[in-house]
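Structure first, then comments.
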Amino acid sequence: MSLNKFEKIFQDKQKKGKKAIMPFLPAGYPDKEKFWEYIREMDQLGADIIEIGVPFSDPVADGPVVEKASNIALKNGVNLKWIIDNLTEYRVFLDCEIVLMGYCNPFFKYGYEKLAKDMKNAGVSGIIIADLPLEESIKIKPIFDAHDISLIYLVGLNTSKERLEKYAKFASGFVYFVSVLGTTGARDKLPEELKEKLKLARDIFDLPISIGFGIKSPSQVKEIEEYIDGIVFGSSVIEHINKGKDIKDFFKAWI
Amino acid sequence: MKKAYFGEFGGQFVPELLMPPLIELEEAYEQIVPSEDFQREFNSILKDYVGRPTPLTFCKNLSSELGFNLWLKREDLAHSGAHKINNTIGQALLTKYMGKKRLVAETGAGQHGVATATAAALLGLECIVFMGAKDVERQAPNVKRMELLGAEVRPVYSSTQTLKDAINEALRYWISHQRDTHYCLGSVVGPHPFPALVRDFQSVIGKEAKEQFLEKTNRLPDHVIACVGGGSNAMGIFYEFLEHREVKLTGVEAAGEGTPNCYHSATLNKGTLGILHGTKTYLLQTEDGQILPSHSVAPGLDYPGVGPEHAYLKETKRAEYVCVTDEQALSAFKVLCKKEGIIPALESSHALSFALNLKGKVKENYHVIVNLSGRGDKDLDIVFKHLK
Ligand SMILES: Cc1ncc(COP(=O)(O)O)c(C=O)c1O
C-alpha cells in the first residue's frame, strides 16, 4: 500500500526534524464566519493537520474551555451537515489535512455509512471519536476503511501494554496519545510517567504518534520530543482566541 | 447475547481512559460480588441497617374501592427513604473490597446523593457528589443532608446545570481519580457493567416481593408496576419476574405537563435511539444528536436517557412502558395519603397513578404490586406549590 496521507505528512516533518502541528477548534467557534477565517489562517501559518471539533451537548472527555466553546458553537447553529457542506466548499483552499473530532452520538445519528461517504467527498481524511474505545469500534471501522478515512484511536497513560498491543492491530492514520489522565485543558506541567509510556507506545505501534490534551507551550514537550511525531493543541488555542489575541502569535512559538 | 449488551442496547461508549476502571469493575462484578463473603456482608447490612426486608402492604381501603387487589412494595420504608440505598450500599461495599477509598456520585434531586453519602458514612469512605447548580438551588434540604452525612457537594455550572451535566462531571472526575475512587452511579444506566451491577443490587426488591406475595396468596401477582427514571427501581422489582411470563410488567415514565411540545422524561415512549453516558439506548435528543433537557414534577424521573435493559424489554415486548402526567401523579399522591395514610414519593406516584387507572379494566381477583420506590417527605414543597 502506498503511504497514507498522514504518514506522508509525518514523514516529511520528520525529515525536517520537526513535529506535525495539529490545532483543534470546535466548528463554528467563535462564530460561523470567524471559524473559517481561523481555519484558513492556521492553514497558511503552517498547521499540518487541523482537527475540526464536532460540537456535542455532553462532551465527557472535555474540560471547561472546550465544553464552553462547543456550547457556543451549538448555539451558533452548527451541526455535522453544516460542517460537511462548508468543507466541501472550502476544502480546496486548504493545504493541510482535515480530521473531524467528536463524540459518538452526532455521528451515529448522521449514520456512519453516509458520514464516511460525505467525509470523503468533502476531503476529510480522518475521524477521532472520543467515546469510542477499541471494543465498540470494531464494527464501525470497516465502514470508514472502505472510504479511505482513517479512524484514529486515542490511548493514554493508563492503557496497559496488552491493550496497546490490541490497538496496534487496528490502528490507522496515527495514534493520538492523551498526555494526561484527565480531560482536555491546558496544563502547566505534563506527568512524569508520560515519557516511559510514550517509549512503550513507540515500541508497539508502527504508526506516527501525536500527543494532545494539556499542551500549551513548546517547552513542555522538550523532554519527550524524540518519542512523538505530532502535537495537538485545543484549549490553549481557544484561550488565546478568547483573549482577542492574534493567532499568529500563538503559532510563532511552534513553527 | 453479546457481552455488555442487552440485544442492541448497552455497550461501553466511553473514552479509552475510562476503560481500565470499567474493566476493573467488571472483574469485581464477576468475582467479588458473587463471593460468599461479599454476599454475607451485603445482606447483613441490608437487614440490620437498611431494614430489609421491606414490607409488602395490602391496600385494604383502596382495593375495595378499585375492585381489584392493590399491593405496595414498601421501599419508602428502607433507610434514607427510598430504594436508592440498596444500590449505594452494594457499590460502597464493593469499593471497599476493591481497595478504593472514595466514592464520587452524581445526583439530580439529591436522593441518590443522600443514599451515597449515607453508605459512605457507614463504610468509612470519602464522598464527593456532583449536582447541577440548578438542582442545588431547587433541592437545598438534600444538599444540607448530604453535608451532614459528611459528603462534599460540588455544584456543576455547565450546560443545563442539571442531572445529565452532573453525570458528565462525575465521569470526568472519575477519569482523573480512578486509582483511588469508585464512581457510584445511581441507576441502571451508563456503560457496562453499571446497568447489570445496579440491577443486581436492586433485584432484592423483586426477590422479596415474590416471596412475600407467594407466602400471603400462594400464587404470583398478575401485574407489577414501577416508575422509570433511569430505571433502577423498576429493574429491581421486574428482574425476578422476567421468567414468569404470565406476570405483566409495566414501567411508567413521566409525561411532564403532558401538553404538546412540553418538556418531559418519557424516553421510551417518545425518544429515539442514541448514545449517551456510555450506553446505547433511547434518548430525548434533536435530529442532530444533541441531548434535550427533560422535565418532570418528580425530580428523580428527570433524565433524558433510560437504562438499556428497559429498551431491550420494550423491544422484546416483555414489558410495556406507558406515561403519566404531572397532574395525574399529583392526584395519585393525594389519594394514597388520604386512603392509606402513606405519603409516597412523586416518582412512585407515577406508578401508582397507572395502577389506579386499572379500575374497571380488570377483574376482582386481579393482583397488582406497585413498587413504592420512596417516601414523599422530600417532595412536600413541590406538592404544596401545586396544590395551591
Ligand atoms: C423515590 C424514587 N423513585 C424513583 C426514582 C427514579 O430512579 P430509577 O428509575 O432509577 O428507579 C428516584 C430517583 O431519584 C427516586 O428518588
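The values are calculated or read from the model by the stated rules, or taken from the named source; none is laboratory data. Note that the coordinates shown come from a computational prediction; the quantities given were computed from them, not determined experimentally. Neighbour counts run over all protein chains shown; Cβ positions are idealised from the backbone, glycine included. With ligands, DNA and RNA removed, areas are computed over all heavy atoms of the protein, side chains included. Shrake-Rupley method; radii C 1.70, N 1.55, O 1.52, S 1.80 Å.
The residue of the stretch A:14-24 that is least open to solvent (accessible area, probe 1.4 Å), among those that are touching a residue at least 12 places away in the same chain (Cβ under 8 Å) and over 18 Å from A:Lys252 (Cβ atoms), is A:Phe24.
Residue-level check: of (1) away from the ligand (no atom under 14 Å from the Cβ); (2) under 25 Å from B:Arg172 (Cα atoms); (3) part of a loop (DSSP other than H, G, I, E, B), B:Ser294 misses just (1). Scan the stretch A:72-89 for residues that are over 18 Å from the mean Cα position of the chain (by Cα) and open to solvent by less than 30 Å² (accessible area, probe 1.4 Å) and jot them down. Matches in the stretch A:72-89: A:Val78, A:Asn86. Residue count for the stretch B:303-320 under the criterion of being within 12 Å of the ligand (Cβ to nearest atom), more than 14 Å from chain A (Cβ to nearest Cβ) and either touching a Gly at 6+ places or on another chain (Cβ under 6 Å) or of a type in the set (S, T, N, Q) (or both): the result is 3. Restricting attention to the stretch B:206-234, and to residues there that are part of a helix (DSSP H, G or I), among the aliphatic types (A, V, I, L, M) and more than 10 Å from the ligand (Cβ to nearest atom), which single residue is most open to solvent (accessible area, probe 1.4 Å)? Step by step, filter the stretch B:206-234, then rank; the result is B:Leu214.
Scanning the stretch A:70-104 for residues that are of a type in the set (Val, Ile, Thr) and farther than 13 Å from A:Asn121 by Cα, we see that the one that is farthest from the other protein chains (Cβ to nearest Cβ) is A:Val99. Counting only residues that are at pLDDT 95 or above, more than 8 Å from chain A (Cβ to nearest Cβ) and open to solvent by 10 Å² or more (accessible area, probe 1.4 Å), which one in the stretch B:281-297 is nearest to the chain's Cα centre (by Cα)? If we take residues in the stretch B:281-297 being at pLDDT 95 or above, more than 8 Å from chain A (Cβ to nearest Cβ) and open to solvent by 10 Å² or more (accessible area, probe 1.4 Å), then B:Tyr282 is nearest to the chain's Cα centre (by Cα). B:Val143 passes every criterion in (1) within 16 Å of the ligand (Cβ to nearest atom); (2) more than 14 Å from every other protein chain (Cβ to nearest Cβ); (3) surrounded by 23 or more Cβ atoms within 10 Å (Cβ to Cβ) apart from (3). Restricted to the stretch A:90-158, the set of helices (runs of 4 or more DSSP H) holding at least 1 residues that are open to solvent by 10 Å² or more (accessible area, probe 1.4 Å) and touching a strand residue (DSSP E or B) at 6+ places or on another chain (Cβ under 7 Å) comprises A:104-110, A:134-137, A:141-145. Considered as a group, the residues in the stretch B:64-75 that are assigned to a helix (DSSP H, G or I) and surrounded by fewer than 24 Cβ atoms within 10 Å (Cβ to Cβ) include one that is farthest from the ligand (Cβ to nearest atom), and that residue is B:Ser64.
Here A:Phe6 passes the criteria (1) part of a helix (DSSP H, G or I); (2) surrounded by fewer than 24 Cβ atoms within 10 Å (Cβ to Cβ); (3) in contact with a Gly (Cβ under 7 Å, 6 or more places away or on another chain) except the one numbered (2). Is it the case, given these coordinates, that B:Gly278 is touching a residue at least 40 places away in the same chain (Cβ under 8 Å), touching a Pro at 6+ places or on another chain (Cβ under 9 Å), within 14 Å of chain A (Cβ to nearest Cβ) and surrounded by 24 or more Cβ atoms within 10 Å (Cβ to Cβ)? Yes; evaluated as a whole, the condition is true for this residue. Within the stretch A:138-164, the set of residues being charged (D, E, K, R) and within 14 Å of chain B (Cβ to nearest Cβ) comprises A:Lys139, A:Lys161, A:Glu162, A:Arg163.
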